[in-house]
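All remarks here apply to the structure that follows.
The values are calculated or read from the model by the stated rules, or taken from the named source; none is laboratory data. Note that the structure is predicted; figures quoted are calculated from it, not measured. Neighbour counts run over all protein chains shown; Cβ positions are idealised from the backbone, glycine included. Accessible surface is based on the protein model in full, side chains and every heavy atom, while ligands, DNA and RNA are left aside. Shrake-Rupley method; radii C 1.70, N 1.55, O 1.52, S 1.80 Å.
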Amino acid sequence: MGGTPAGEPHFCHNRREYTPGVAAVSTIPSPSPAALPAPLSADEPDAGVLARSAEQTAVTVLTAAAPHRLADVVPAPREVRPDPAADWVLPADAVITVSADPAATAVAEHLAELLRPATGYPLPVADATTPDRAGGIALVLDEATDLGAEGYRLDITTDGVRVTAATAAGLFHGVQTLRQLLPATIESPNQVTERWALPGGTITDAPRFPYRGAMLDVARHFFAVEDVLRVIDHLARYKLNHLHLHLTDDQGWRIAVDSWPKLTSVGGATEVGGGPGGHYTKTDYARIVSYAADRHITVVPEIDLPGHTNSALVAYPELAPDKIAPPPYTGTEVGFSYVDPADERTYDFVADVLGEVAALTPGPWLHIGGDEAFKVKGEVYTGFVERVQRIVADLGKTVVGWHQLAPAAHLDGRVLQWWGTDSADPTTAEAVRQGARLIVSPGNHAYLDMKYAPDTPIGHDWAGLIDVRKAYDWDPGTHVADVPAEAVLGVEAPLWTESVTSLADIELLLLPRLPAIAEVGWSTRATHDWADFRDRLAGQGPRWTTAGITFHRAPEIPWPTTPVIPTQRDTTQTDTAAH
Ligand code: TNX
């Protein structure tokens, strides 16, 4: 069944059209037939389920009895085949069975931890050679499937749920989808009496691009490890798989380097506005890396060179062109500082720093910045970058840098990060022709430090205002002139923090735009549809609220106003009256 009486409304953009108890068919997206082979339909409640529902209602009055539609997922899955006859309700005695594999078992434990607080169910995890969904949830690792490195298949039937994938990463993404298909109350940290209904059918899903990321600038303002872990949680929900940490800038150096200890003791003690700054010890950084890895997210550390280095120069004046320590910098200008490209000591510094950061970083990437080094020009700049690219390669890592790196000679595998706003740059296109791959972060679509609207209390507007639609309506595959989709590694949403001072600020700018960028990176073009996205995104609001996550209530999104945590109230009420 897809609709029940007293159902939580599907989040249609024209709320007046909502009819309680009837699936909001009119608001269902119209992706291409290939993307959604089986037509979605309004369906009749199953009598047995209704009876059980009524029984539960007698005990506790609930807000949500209808399962979400199978397509109510962000980012949009590749293929959705609803089976209204196959809805399933998670029982209190459900077991999570999983293929006997440590990484898969870790995903099963993660799922159990997501579901236990709100359900109050024990949800034991059991390894099995052949995981069985009967009455529970089975996570099946099957290398023979053609689901790719991150794809998954989710089957919801009257027998239970099965997630199949060739990798633990695929299982993890499938689990995130499963999570979104449960009632929003699943996000509650406290036990909720709820009917944990899931919509029947099959989702087959895989990402469009292999690299989907967000960047957090921890240099302009420093953020505690806990804040970073929370950002990682947000990434994981939306199937982003890279966290780029902008670890160094003029205003602060945030990562411990044993061979150059003053980088943090001196260079880390400042931030924009004059606050105390801070830095990550190697143990802190390892904690971030491992928390991310547990969520199939790779950390990309950035040491910004040769510019954006005032904090390093304060700590070690020998790196400065005039060998004089500049004053600490707590403003927000860019482009004034640089390490001396003519001094060999600078390359010792670079090799030591990158060597220690590489040793701490299991992922393949090392980001060397390269942006806004306005005072290091022409061949001096390209010569510096070429040496640093080589240092990165010798460390066994793949070099990533902002697209200003483009004029430097190509090095196998190198990746440029596009942050332009004009969608065309012949130098970048030429670098791509020579083999560079591109991470696309257009300043005017993906920069999460841009304001939503003129009255957004924090953020910039140099790249324009970015409302949710602007964050959503662009195509990384065609965005940069003369860069073919095959050269696009993926997308990234950078969050610069000149004006961002707290986790609440981070979340205000991240949500709800992060899911928009996530969808642009994950979902096939065939599913790209603003009206559909807007309605699916609206459904995320109650989840964030229930989880205690603050977000910007962007006016173009039809956020539901239904109370999220079930309270004693009349189930015949709907939230339509509020609109
Ligand atoms: C440009 S984007 C920068 C950063 C600023 C940001 C503010 C890039 C590579 N450099 O240094 O923080 O604008 O939006």
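Nearest 5 is fine: what % of DSSP beta bridges in the range 205-358 come out antiparallel, could you say?
20 percent
As a test of reading the structure, rank Ser311, Ser499 by solvent-accessible area (1.4 Å probe, protein chains only), most first.
Ser499, Ser311
Just list whichever of Lys262/Lys397; Lys262/Lys377; Lys323/Lys451; Lys323/Lys377; Lys282/Lys470 have alpha carbons separated by over 30 Å in the model shown.
Table pairs above 30 Å Cα-Cα are Lys323/Lys451; Lys282/Lys470.
Between Glu486 and Asp422, what's the calculated FRET efficiency when r is the beta-carbon distance and R0 is 35 Å? Round to 0.05.
It comes out at approximately 0.95.
What are the chymotrypsin sites (Phe, Trp or Tyr not before Pro) within the range 450-538 that DSSP puts in a loop, where the Cβ has at most 13 other Cβ atoms within 10 Å? Don't skip to the end; give the middle numbers.
Details: sites: Tyr452, Trp462, Tyr472, Trp474, Trp496, Trp522, Trp530, Phe533; in loops: Tyr452, Trp462, Trp474, Trp496.
Answer by residue number: Trp462.
Starting from 0.36 nm per residue, how many nanometres of slack lie between Ala92 and Lys282 once their C-alpha separation is accounted for?
That pair, Ala92 and Lys282, stretches by 64.2 nm at full extension.
How are the Cα pair distances of the chain distributed, in percent, across 20 Å bins from 0?
Each 20 Å bin holds this share of Cα pairs: 21, 52, 24, 3, 0.
So how far apart, in nm, are the two label points at Ala100 and Asp455 if each is 7 Å from Cα heading toward Cβ?
Label at Ala100, label at Asp455, 6.2 nm between them.
With a probe of 1.4 Å, find how much accessible area the range 414-556 has per residue, and write the answer as a whole number in Å².
Per-residue value: 30 Å².
In whole percent, what relative contact order does the chain give with Cα contacts below 8 Å and a gap of six or more residues?
16 percent
Using 1/(1 + (r/R0)^6) with R0 = 25 angstrom and r between the beta carbons of Leu465 and Asp322, what's the FRET efficiency to the nearest 0.05? Let's see the in-between values first.
Numbers: r = 40 Å, r/R0 = 1.61.
Given R0 = 25 Å and the Cβ-Cβ separation, E is 0.05.
Scan the chain and note any complete DSSP helix (H) whose C-alpha atoms cover at least 15 Å along its axis and whose Kyte-Doolittle average is -0.5 or more.
Result, helices passing both filters: 47-59, 102-119, 168-181, 225-237, 282-294, 344-360, 378-394.
Kindly list the residues of the range 501-521 that lie in the label zone of Asp473, defined by a backbone N under 19 Å from the point 7 Å along the Cα-to-C-beta vector.
512-521
Taking trypsin sites (Lys or Arg not before Pro) that fall in a DSSP loop and have at most 15 other Cβ atoms within 10 Å as cut points, what is the longest piece of the chain between them?
Longest run free of exposed loop sites: 1-322.
Report P(r) for the range 251-356: all Cα-Cα distances, bin width 5 Å, range 0 to the bin holding the largest distance, values in whole percent.
The distribution over the range 251-356 is 2, 13, 21, 24, 18, 12, 7, 2, 1, 0, given as percents.
In Å, the Kirkwood hydrodynamic radius of the range 369-469 over pairs of distinct alpha carbons?
14.8 Å
Calculate the spin-label point distance for Arg387 paired with Thr130, positioning each point 7 Å from the Cα along the beta-carbon direction, and give it in nanometres.
Label at Thr130, label at Arg387, 6.3 nm between them.
Considering the zone a paramagnetic label at Glu143 would reach in this model (a point 7 Å from Cα along the Cα-to-Cβ line), which residues of the range 91-108 have amide N under 20 Å from it?
Of the residues in the range 91-108, 98-108 have backbone N under 20 Å from the label point off Glu143.
Along the Cα-to-Cβ line of Lys375, 7 Å from the Cα, sits a label point; which residues in the range 237-279 have backbone N less than 17 Å from it?
Once the point is set 7 Å along Cα→Cβ of Lys375, 249-252 turn out to lie under 17 Å by backbone N, inside the range 237-279.
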